[in-house]
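**Student:** My structure is below; once you've seen it, I'll send some questions.
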Amino acid sequence: MVACSCSRAELGKERQNRLQKYSNLGALSYLSFENLEVTGRSGDPRSQETFRQACEAARRFAAEPRGWLVLSGPSGSGKTHLAAAIVNERVSHGYPAFYVTVPDLLDHLRAAFNPGSEMPYDEFFEQVRNTPLLVLDDLGVQAGTTWAREKLDQLLNHRFSGQLPTVIIPIIPLDELEERIRVRLTDAELSQLFVLEEKRTRSPDYAWSAEFKLQKGMTFDSFDRRRLNLPPEQIENLGEAYRLAFEFAGSPEGWLVFMGETGCGKTHLAAAIVNYQYQAGKPALFVVVVEFLDHLRSAFNPESKESYDQVFERVKTAPLLVLDDFGEHATTPWALEKLYQVINYRYNARLATVITTRYSIQEIMEGVESSISSRMVDPQISTPFNIMAPDYRGDPRPSQRRTPRGGRKSR
(Lines give C-alpha, C1' and ligand atoms only; values in the text may rest on other atoms or scores of the structure.)
Protein backbone atom coordinates (compact mmCIF):
# COMPACT_ATOMS: atom_id res chain seq x y z
CA MET A 1 0.00 0.00 0.00
CA VAL A 2 1.20 3.50 -0.88
CA ALA A 3 -0.25 6.55 0.83
CA CYS A 4 -1.80 9.12 -1.47
CA SER A 5 -0.46 12.67 -1.60
CA CYS A 6 -3.31 13.95 0.63
CA SER A 7 -2.56 11.33 3.30
CA ARG A 8 1.15 12.05 3.13
CA ALA A 9 0.50 15.75 3.57
CA GLU A 10 -1.80 15.09 6.54
CA LEU A 11 0.70 12.74 8.16
CA GLY A 12 3.46 15.28 7.63
CA LYS A 13 1.37 17.99 9.27
CA GLU A 14 0.61 15.75 12.26
CA ARG A 15 4.29 14.90 12.67
CA GLN A 16 5.22 18.58 12.47
CA ASN A 17 2.66 19.43 15.17
CA ARG A 18 4.02 16.65 17.40
CA LEU A 19 7.58 17.88 16.94
CA GLN A 20 6.53 21.46 17.69
CA LYS A 21 4.78 20.38 20.88
CA TYR A 22 7.72 18.18 21.87
CA SER A 23 10.13 21.10 21.39
CA ASN A 24 8.60 22.85 24.43
CA LEU A 25 9.35 26.26 22.88
CA GLY A 26 5.90 27.67 23.58
CA ALA A 27 6.01 31.46 23.23
CA LEU A 28 9.54 31.27 21.76
CA SER A 29 8.29 29.50 18.62
CA TYR A 30 8.48 32.72 16.61
CA LEU A 31 12.25 33.11 17.14
CA SER A 32 14.11 32.06 14.01
CA PHE A 33 17.26 32.83 12.04
CA GLU A 34 15.13 34.87 9.62
CA ASN A 35 14.09 37.44 12.26
CA LEU A 36 17.50 37.52 13.97
CA GLU A 37 19.75 40.56 13.74
CA VAL A 38 23.01 38.96 12.64
CA THR A 39 25.17 41.54 14.43
CA GLY A 40 23.21 41.33 17.70
CA ARG A 41 22.03 44.23 19.84
CA SER A 42 25.35 45.54 21.10
CA GLY A 43 26.79 48.80 19.86
CA ASP A 44 30.32 47.50 20.41
CA PRO A 45 31.92 46.44 17.08
CA ARG A 46 33.84 43.63 18.79
CA SER A 47 30.65 42.21 20.32
CA GLN A 48 28.90 42.53 16.96
CA GLU A 49 31.62 40.48 15.27
CA THR A 50 31.44 37.84 18.03
CA PHE A 51 27.67 37.62 17.63
CA ARG A 52 28.02 37.24 13.85
CA GLN A 53 30.42 34.33 14.38
CA ALA A 54 28.06 32.78 16.96
CA CYS A 55 25.18 33.12 14.52
CA GLU A 56 27.13 31.30 11.80
CA ALA A 57 28.08 28.57 14.28
CA ALA A 58 24.43 28.23 15.35
CA ARG A 59 23.34 27.81 11.72
CA ARG A 60 25.96 25.09 11.19
CA PHE A 61 24.91 23.41 14.44
CA ALA A 62 21.25 23.48 13.36
CA ALA A 63 22.16 21.89 10.03
CA GLU A 64 24.33 19.19 11.63
CA PRO A 65 24.28 19.06 15.45
CA ARG A 66 27.56 17.81 16.89
CA GLY A 67 29.06 18.24 20.34
CA TRP A 68 28.08 21.15 22.58
CA LEU A 69 27.42 24.78 21.75
CA VAL A 70 27.79 27.11 24.75
CA LEU A 71 26.42 30.66 24.45
CA SER A 72 27.46 32.94 27.29
CA GLY A 73 26.72 36.60 27.91
CA PRO A 74 24.42 38.96 29.83
CA SER A 75 20.63 38.94 29.52
CA GLY A 76 19.47 40.63 26.34
CA SER A 77 22.56 39.68 24.33
CA GLY A 78 20.62 37.30 22.04
CA LYS A 79 21.56 33.91 23.51
CA THR A 80 18.00 32.58 23.82
CA HIS A 81 17.09 33.80 20.32
CA LEU A 82 19.99 31.84 18.84
CA ALA A 83 19.06 28.71 20.81
CA ALA A 84 15.37 28.91 19.90
CA ALA A 85 16.30 29.46 16.24
CA ILE A 86 18.32 26.23 16.30
CA VAL A 87 15.35 24.30 17.71
CA ASN A 88 12.92 25.82 15.21
CA GLU A 89 15.28 25.03 12.34
CA ARG A 90 15.56 21.38 13.40
CA VAL A 91 11.79 21.06 13.85
CA SER A 92 11.11 22.64 10.45
CA HIS A 93 13.23 19.89 8.87
CA GLY A 94 11.42 17.13 10.74
CA TYR A 95 13.93 16.46 13.53
CA PRO A 96 13.17 16.44 17.28
CA ALA A 97 14.73 18.98 19.64
CA PHE A 98 13.84 19.86 23.23
CA TYR A 99 14.14 23.28 24.88
CA VAL A 100 13.91 23.80 28.66
CA THR A 101 15.13 26.27 31.28
CA VAL A 102 16.96 24.82 34.28
CA PRO A 103 14.39 26.13 36.84
CA ASP A 104 11.54 24.60 34.82
CA LEU A 105 13.43 21.34 34.40
CA LEU A 106 14.01 20.98 38.14
CA ASP A 107 10.42 21.95 38.85
CA HIS A 108 9.09 19.34 36.39
CA LEU A 109 11.33 16.71 37.94
CA ARG A 110 9.98 17.49 41.41
CA ALA A 111 6.40 17.40 40.12
CA ALA A 112 7.04 14.05 38.41
CA PHE A 113 7.38 12.41 41.85
CA ASN A 114 3.66 13.06 42.31
CA PRO A 115 1.64 9.87 41.68
CA GLY A 116 -0.83 11.92 39.63
CA SER A 117 1.85 13.22 37.26
CA GLU A 118 1.18 12.76 33.53
CA MET A 119 4.69 11.36 33.04
CA PRO A 120 6.55 9.35 35.72
CA TYR A 121 9.83 10.79 37.02
CA ASP A 122 12.06 8.10 35.45
CA GLU A 123 10.41 8.42 32.05
CA PHE A 124 10.65 12.22 31.98
CA PHE A 125 14.28 12.29 33.13
CA GLU A 126 15.26 9.67 30.55
CA GLN A 127 13.52 11.70 27.84
CA VAL A 128 15.56 14.80 28.73
CA ARG A 129 18.85 12.88 29.13
CA ASN A 130 18.56 11.15 25.76
CA THR A 131 16.75 13.67 23.57
CA PRO A 132 18.57 13.93 20.20
CA LEU A 133 19.13 17.67 20.73
CA LEU A 134 18.79 19.40 24.10
CA VAL A 135 18.77 23.15 24.73
CA LEU A 136 19.39 23.96 28.39
CA ASP A 137 18.68 27.64 29.12
CA ASP A 138 19.27 29.74 32.26
CA LEU A 139 21.93 27.48 33.73
CA GLY A 140 23.06 28.99 37.02
CA VAL A 141 19.76 30.37 38.44
CA GLN A 142 18.94 27.16 40.29
CA ALA A 143 19.38 27.02 44.06
CA GLY A 144 22.48 25.19 45.24
CA THR A 145 20.62 22.34 46.91
CA THR A 146 22.20 18.89 47.00
CA TRP A 147 19.31 17.42 45.04
CA ALA A 148 19.49 20.09 42.30
CA ARG A 149 23.25 19.65 41.94
CA GLU A 150 22.85 15.87 41.73
CA LYS A 151 20.22 16.05 38.96
CA LEU A 152 22.23 18.52 36.89
CA ASP A 153 25.38 16.43 37.34
CA GLN A 154 23.58 13.30 36.17
CA LEU A 155 22.17 15.10 33.14
CA LEU A 156 25.37 16.85 32.07
CA ASN A 157 27.60 13.85 32.76
CA HIS A 158 25.36 11.59 30.66
CA ARG A 159 25.31 13.93 27.69
CA PHE A 160 29.02 14.74 28.06
CA SER A 161 30.02 11.07 28.11
CA GLY A 162 27.77 10.26 25.15
CA GLN A 163 28.78 13.45 23.30
CA LEU A 164 25.09 14.12 22.70
CA PRO A 165 24.31 17.39 20.86
CA THR A 166 23.53 20.03 23.47
CA VAL A 167 23.14 23.82 23.53
CA ILE A 168 23.79 25.36 26.94
CA ILE A 169 23.08 28.95 27.97
CA PRO A 170 24.52 30.01 31.33
CA ILE A 171 22.84 33.07 32.82
CA ILE A 172 25.88 33.92 34.92
CA PRO A 173 29.50 34.34 33.76
CA LEU A 174 31.35 31.08 33.25
CA ASP A 175 33.90 31.89 35.95
CA GLU A 176 31.04 32.03 38.49
CA LEU A 177 29.79 28.52 37.68
CA GLU A 178 30.82 25.61 39.88
CA GLU A 179 34.03 24.03 38.65
CA ARG A 180 32.56 20.63 37.81
CA ILE A 181 30.11 22.31 35.40
CA ARG A 182 32.58 24.85 34.02
CA VAL A 183 35.11 22.14 33.12
CA ARG A 184 32.56 20.37 30.90
CA LEU A 185 31.27 23.53 29.27
CA THR A 186 34.78 24.65 28.32
CA ASP A 187 36.10 21.29 27.13
CA ALA A 188 37.94 22.16 23.93
CA GLU A 189 37.33 18.77 22.26
CA LEU A 190 33.55 18.83 22.72
CA SER A 191 32.38 22.43 23.13
CA GLN A 192 32.22 25.51 20.95
CA LEU A 193 32.13 28.52 23.30
CA PHE A 194 30.96 32.03 22.40
CA VAL A 195 30.92 34.91 24.88
CA LEU A 196 28.52 37.29 23.16
CA GLU A 197 29.29 40.32 25.33
CA GLU A 198 31.77 41.13 28.03
CA LYS A 199 30.57 40.94 31.62
CA ARG A 200 28.55 43.98 32.61
CA THR A 201 29.50 45.56 35.90
CA ARG A 202 26.54 46.37 38.10
CA SER A 203 26.53 49.77 39.77
CA PRO A 204 26.87 49.64 43.57
CA ASP A 205 23.71 51.75 43.65
CA TYR A 206 21.82 48.63 42.52
CA ALA A 207 22.50 45.92 45.09
CA TRP A 208 20.83 44.44 48.17
CA SER A 209 21.44 46.55 51.27
CA ALA A 210 21.78 45.00 54.72
CA GLU A 211 18.09 45.27 55.65
CA PHE A 212 17.08 43.06 52.72
CA LYS A 213 18.82 39.89 53.88
CA LEU A 214 15.54 37.92 53.61
CA GLN A 215 14.75 39.15 50.09
CA LYS A 216 18.28 38.29 48.96
CA GLY A 217 17.40 34.61 49.37
CA MET A 218 14.06 34.83 47.54
CA THR A 219 14.61 33.19 44.16
CA PHE A 220 12.39 31.53 41.58
CA ASP A 221 13.73 28.12 42.56
CA SER A 222 12.86 28.63 46.23
CA PHE A 223 9.31 29.80 45.47
CA ASP A 224 6.79 27.14 46.54
CA ARG A 225 4.00 27.23 43.96
CA ARG A 226 2.59 23.81 44.87
CA ARG A 227 1.89 24.37 48.53
CA LEU A 228 0.29 21.59 50.52
CA ASN A 229 -3.41 21.70 51.36
CA LEU A 230 -4.24 24.34 48.75
CA PRO A 231 -7.17 23.71 46.38
CA PRO A 232 -6.25 23.10 42.71
CA GLU A 233 -7.45 26.54 41.57
CA GLN A 234 -5.11 28.28 44.01
CA ILE A 235 -2.17 26.07 42.98
CA GLU A 236 -2.90 26.94 39.34
CA ASN A 237 -3.15 30.63 40.28
CA LEU A 238 0.28 30.51 41.98
CA GLY A 239 1.73 28.80 38.91
CA GLU A 240 0.40 31.58 36.68
CA ALA A 241 1.86 34.24 39.01
CA TYR A 242 5.23 32.43 38.83
CA ARG A 243 5.07 32.32 35.02
CA LEU A 244 4.29 36.04 34.77
CA ALA A 245 7.16 36.93 37.12
CA PHE A 246 9.67 34.63 35.40
CA GLU A 247 8.81 35.94 31.93
CA PHE A 248 9.03 39.51 33.21
CA ALA A 249 12.46 38.80 34.73
CA GLY A 250 13.76 37.49 31.42
CA SER A 251 12.44 40.48 29.47
CA PRO A 252 11.42 43.37 31.76
CA GLU A 253 8.91 45.51 29.87
CA GLY A 254 5.91 47.46 31.13
CA TRP A 255 4.52 47.17 34.64
CA LEU A 256 3.58 44.10 36.67
CA VAL A 257 1.23 44.64 39.64
CA PHE A 258 0.88 41.74 42.11
CA MET A 259 -2.12 41.95 44.44
CA GLY A 260 -2.91 39.62 47.32
CA GLU A 261 -3.01 39.37 51.06
CA THR A 262 0.07 39.50 53.24
CA GLY A 263 2.19 36.34 52.96
CA CYS A 264 0.71 35.07 49.67
CA GLY A 265 4.08 35.21 47.88
CA LYS A 266 3.94 38.48 45.94
CA THR A 267 7.04 39.95 47.62
CA HIS A 268 8.93 36.69 47.04
CA LEU A 269 8.20 36.85 43.30
CA ALA A 270 9.14 40.54 43.12
CA ALA A 271 12.44 39.87 44.93
CA ALA A 272 13.07 36.86 42.64
CA ILE A 273 12.84 39.19 39.63
CA VAL A 274 15.48 41.45 41.19
CA ASN A 275 17.73 38.47 42.05
CA TYR A 276 17.39 37.21 38.47
CA GLN A 277 18.56 40.60 37.19
CA TYR A 278 21.48 40.69 39.62
CA GLN A 279 22.62 37.22 38.53
CA ALA A 280 22.63 38.50 34.96
CA GLY A 281 24.71 41.53 35.98
CA LYS A 282 21.88 43.96 35.26
CA PRO A 283 20.60 46.84 37.43
CA ALA A 284 17.43 46.63 39.48
CA LEU A 285 16.21 48.28 42.68
CA PHE A 286 13.91 46.92 45.40
CA VAL A 287 12.30 49.45 47.76
CA VAL A 288 9.57 49.22 50.38
CA VAL A 289 7.33 52.25 49.80
CA VAL A 290 7.05 53.29 53.45
CA GLU A 291 10.80 52.97 54.01
CA PHE A 292 11.53 54.86 50.78
CA LEU A 293 9.46 57.82 51.98
CA ASP A 294 11.17 57.70 55.38
CA HIS A 295 14.53 57.67 53.62
CA LEU A 296 13.54 60.71 51.58
CA ARG A 297 12.57 62.59 54.74
CA SER A 298 15.83 61.72 56.46
CA ALA A 299 17.79 62.91 53.41
CA PHE A 300 16.76 66.48 54.27
CA ASN A 301 19.00 66.22 57.35
CA PRO A 302 22.30 68.05 56.71
CA GLU A 303 24.13 65.12 58.32
CA SER A 304 22.65 62.58 55.88
CA LYS A 305 25.23 60.60 53.86
CA GLU A 306 23.07 60.93 50.75
CA SER A 307 21.34 64.03 49.48
CA TYR A 308 17.60 64.11 48.87
CA ASP A 309 18.15 64.45 45.12
CA GLN A 310 20.43 61.40 45.00
CA VAL A 311 17.90 59.18 46.79
CA PHE A 312 14.96 60.39 44.75
CA GLU A 313 16.68 60.21 41.36
CA ARG A 314 18.00 56.68 41.98
CA VAL A 315 14.49 55.37 42.64
CA LYS A 316 12.78 57.43 39.96
CA THR A 317 15.16 56.44 37.16
CA ALA A 318 16.07 52.82 38.06
CA PRO A 319 15.98 50.65 34.89
CA LEU A 320 13.86 48.16 36.84
CA LEU A 321 12.13 49.16 40.08
CA VAL A 322 10.15 47.13 42.63
CA LEU A 323 7.76 49.14 44.81
CA ASP A 324 6.87 46.74 47.63
CA ASP A 325 3.87 47.17 49.97
CA PHE A 326 2.25 49.95 47.99
CA GLY A 327 -0.75 51.41 49.82
CA GLU A 328 0.72 51.26 53.32
CA HIS A 329 2.15 54.77 53.11
CA ALA A 330 0.87 57.85 54.95
CA THR A 331 -1.81 60.10 53.47
CA THR A 332 0.10 63.36 53.77
CA PRO A 333 0.13 65.62 50.69
CA TRP A 334 3.94 65.45 50.66
CA ALA A 335 3.96 61.62 50.53
CA LEU A 336 1.36 61.55 47.77
CA GLU A 337 3.28 64.16 45.80
CA LYS A 338 6.54 62.17 45.96
CA LEU A 339 4.83 58.94 44.93
CA TYR A 340 3.05 60.68 42.09
CA GLN A 341 6.35 62.08 40.81
CA VAL A 342 7.91 58.60 40.82
CA ILE A 343 4.89 56.89 39.24
CA ASN A 344 4.36 59.59 36.63
CA TYR A 345 8.01 59.71 35.59
CA ARG A 346 8.23 55.94 35.18
CA TYR A 347 4.86 55.85 33.39
CA ASN A 348 5.92 58.47 30.82
CA ALA A 349 9.38 56.93 30.37
CA ARG A 350 7.90 53.40 30.15
CA LEU A 351 10.42 52.09 32.69
CA ALA A 352 9.99 48.48 33.87
CA THR A 353 8.23 48.47 37.26
CA VAL A 354 6.88 45.83 39.64
CA ILE A 355 4.37 46.87 42.31
CA THR A 356 3.09 44.69 45.15
CA THR A 357 0.04 45.57 47.19
CA ARG A 358 -2.48 43.79 49.38
CA TYR A 359 -5.36 45.72 47.84
CA SER A 360 -7.56 44.85 44.88
CA ILE A 361 -7.86 46.95 41.71
CA GLN A 362 -11.20 48.31 42.91
CA GLU A 363 -9.71 49.27 46.29
CA ILE A 364 -6.75 50.92 44.58
CA MET A 365 -9.05 52.91 42.30
CA GLU A 366 -11.26 53.97 45.23
CA GLY A 367 -8.58 54.54 47.84
CA VAL A 368 -5.63 56.02 45.93
CA GLU A 369 -5.47 59.40 44.21
CA SER A 370 -6.70 58.97 40.62
CA SER A 371 -3.52 60.55 39.22
CA ILE A 372 -1.61 57.56 40.63
CA SER A 373 -4.14 54.73 40.39
CA SER A 374 -5.05 55.40 36.74
CA ARG A 375 -1.41 54.88 35.74
CA MET A 376 -1.05 51.71 37.83
CA VAL A 377 -3.94 49.96 36.09
CA ASP A 378 -3.53 51.32 32.55
CA PRO A 379 -3.89 48.17 30.38
CA GLN A 380 -1.53 49.64 27.77
CA ILE A 381 1.42 49.34 30.14
CA SER A 382 0.34 47.40 33.24
CA THR A 383 -0.47 43.75 33.91
CA PRO A 384 -2.33 43.42 37.23
CA PHE A 385 -2.58 39.95 38.76
CA ASN A 386 -4.41 38.88 41.91
CA ILE A 387 -2.70 36.06 43.85
CA MET A 388 -5.45 34.01 45.48
CA ALA A 389 -3.30 31.96 47.88
CA PRO A 390 -3.61 32.67 51.62
CA ASP A 391 -0.81 33.64 53.99
CA TYR A 392 1.47 30.57 54.05
CA ARG A 393 3.49 31.76 57.05
CA GLY A 394 0.86 31.39 59.73
CA ASP A 395 -2.86 32.01 60.19
CA PRO A 396 -4.66 30.60 57.11
CA ARG A 397 -7.70 32.81 57.68
CA PRO A 398 -8.16 35.60 55.12
CA SER A 399 -6.81 38.93 56.31
CA GLN A 400 -9.16 41.87 56.71
CA ARG A 401 -8.93 44.23 53.77
CA ARG A 402 -8.45 47.93 54.46
CA THR A 403 -8.80 50.91 52.19
CA PRO A 404 -5.38 52.02 50.96
CA ARG A 405 -4.02 54.88 52.98
CA GLY A 406 -3.21 56.94 49.92
CA GLY A 407 -6.47 58.88 49.65
CA ARG A 408 -10.23 58.86 50.03
CA LYS A 409 -12.23 56.10 51.74
CA SER A 410 -14.32 53.75 49.65
CA ARG A 411 -18.08 54.28 49.81
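**Student:** Checking the condition open to solvent by less than 30 Å² (accessible area, probe 1.4 Å), within 30 Å of S161 (Cα to Cα), at pLDDT 85 or above and in a helix (DSSP H, G or I), which residue from L19, L69 passes?
**Tutor:** Result of the check over L19, L69: L19.
**Student:** Residue by residue through segment 28-61, note down the ones that are in contact (Cβ under 8 Å) with a residue 24 or more places away in the chain and open to solvent by 60 Å² or more (accessible area, probe 1.4 Å).
**Tutor:** Passing the criteria: E37, R41, Q53, R59.
**Student:** Next up: Since F326 meets every condition but one in (1) open to solvent by less than 30 Å² (accessible area, probe 1.4 Å); (2) modelled with pLDDT under 85; (3) part of a loop (DSSP other than H, G, I, E, B), which condition does it not meet?
**Tutor:** Failed condition: (2).
**Student:** Scan segment 138-188 residue by residue and report those that are among the charged types (D, E, K, R) and either farther than 21 Å from A83 by Cα or surrounded by 17 or more Cβ atoms within 10 Å (Cβ to Cβ) (or both).
**Tutor:** If the condition is that a residue be among the charged types (D, E, K, R) and either farther than 21 Å from A83 by Cα or surrounded by 17 or more Cβ atoms within 10 Å (Cβ to Cβ) (or both), then D138, R149, E150, K151, D153, R159, D175, E176, E178, E179, R180, R184 are the ones that fit.
**Student:** Given (1) in contact (Cβ under 8 Å) with a residue 40 or more places away in the chain; (2) out of contact with any Leu (no Cβ under 9 Å at 6 or more places or on another chain), identify the lone condition not met by E64.
**Tutor:** The one condition E64 does not meet is (1).
**Student:** Quick check: is even one residue across segment 341-357 at pLDDT below 90 and in a helix (DSSP H, G or I)?
**Tutor:** no
**Student:** For segment 83-133: of the residues being free of Cβ contacts under 8 Å to residues at least 60 places away in the same chain and of a type in the set (A, V, I, L, M), which is surrounded by the fewest Cβ atoms within 10 Å (Cβ to Cβ)?
**Tutor:** Applying the filter and picking the extreme gives M119.
**Student:** Let me ask something additional. In this structure, does V257 turn out to be open to solvent by less than 20 Å² (accessible area, probe 1.4 Å) and either closer than 30 Å to L25 by Cα or free of Cβ contacts under 8 Å to residues at least 60 places away in the same chain (or both)?
**Tutor:** yes
**Student:** Tell me, yes or no, whether segment 263-272 has at least one residue that is surrounded by fewer than 21 Cβ atoms within 10 Å (Cβ to Cβ) and out of contact with any Leu (no Cβ under 7 Å at 6 or more places or on another chain).
**Tutor:** Within segment 263-272, one or more residues are surrounded by fewer than 21 Cβ atoms within 10 Å (Cβ to Cβ) and out of contact with any Leu (no Cβ under 7 Å at 6 or more places or on another chain).
**Student:** Still on this structure, I have one more. Using the structure shown, decide if Q362 is modelled with pLDDT under 90, closer than 30 Å to G281 by Cα, open to solvent by 70 Å² or more (accessible area, probe 1.4 Å) and in a helix (DSSP H, G or I).
**Tutor:** Considered against the rule, which asks whether it is modelled with pLDDT under 90, closer than 30 Å to G281 by Cα, open to solvent by 70 Å² or more (accessible area, probe 1.4 Å) and in a helix (DSSP H, G or I), Q362 comes out as no.
**Student:** Which one of L285, L296 is under 27 Å from the mean Cα position of the chain (by Cα), closer than 28 Å to Y359 by Cβ and in contact (Cβ under 8 Å) with a residue 12 or more places away in the chain?
**Tutor:** The conditions single out L285.
**Student:** Same structure again: Condition first: of a type in the set (A, V, I, L, M) and either closer than 30 Å to S77 by Cβ or in a loop (DSSP other than H, G, I, E, B) (or both). Now tell me which residues in segment 232-274 satisfy that.
**Tutor:** Once the filter is applied, which keeps residues that are of a type in the set (A, V, I, L, M) and either closer than 30 Å to S77 by Cβ or in a loop (DSSP other than H, G, I, E, B) (or both), segment 232-274 yields A241, L244, A245, A249, L256, V257, L269, A270, A271, A272, I273, V274.
**Student:** Filter segment 296-323 for residues that are modelled with pLDDT of 85 or more and in contact with a helix residue (DSSP H, G or I) (Cβ under 7 Å, 6 or more places away or on another chain) and give the result.
**Tutor:** Within segment 296-323, L296, F312, V315, K316, L320, L321, V322, L323 qualify.
**Student:** Here is a follow-up. Being buried (at least 16 other Cβ atoms within 10 Å of the Cβ), closer than 21 Å to A112 by Cα and without any contact (Cβ under 8 Å) to a residue 60 or more places away in the chain, is that true of even one residue in segment 213-224?
**Tutor:** Yes, segment 213-224 contains at least one residue that is buried (at least 16 other Cβ atoms within 10 Å of the Cβ), closer than 21 Å to A112 by Cα and without any contact (Cβ under 8 Å) to a residue 60 or more places away in the chain.
**Student:** As an exercise: evaluate P396 against (1) open to solvent by 50 Å² or more (accessible area, probe 1.4 Å); (2) at pLDDT 70 or above and give the number of the one condition it does not meet.
**Tutor:** With respect to (1) open to solvent by 50 Å² or more (accessible area, probe 1.4 Å); (2) at pLDDT 70 or above, P396 is out only on (2).
**Student:** Let me ask something additional. Give the residue that is nearest to P283 (Cα to Cα), with candidates limited to residues of segment 329-340 that are part of a helix (DSSP H, G or I) and open to solvent by 60 Å² or more (accessible area, probe 1.4 Å).
**Tutor:** Y340
**Student:** Among the residues of segment 365-393, which ones are among the hydrophobic types (A, V, I, L, M, F, W, C), at pLDDT below 80 and assigned to a loop (DSSP other than H, G, I, E, B)?
**Tutor:** Hit for segment 365-393 is V368, nothing else.
The values are calculated or read from the model by the stated rules, or taken from the named source; none is laboratory data. These figures come from a predicted structure and were not determined experimentally. Please note: Cβ atoms are built from the backbone with ideal geometry, for glycine as well, and neighbour counts cover all protein chains shown. Just so you know, the surface numbers come from the protein's heavy atoms only, side chains and all, with ligands and any DNA or RNA stripped out. Shrake-Rupley method; radii C 1.70, N 1.55, O 1.52, S 1.80 Å.
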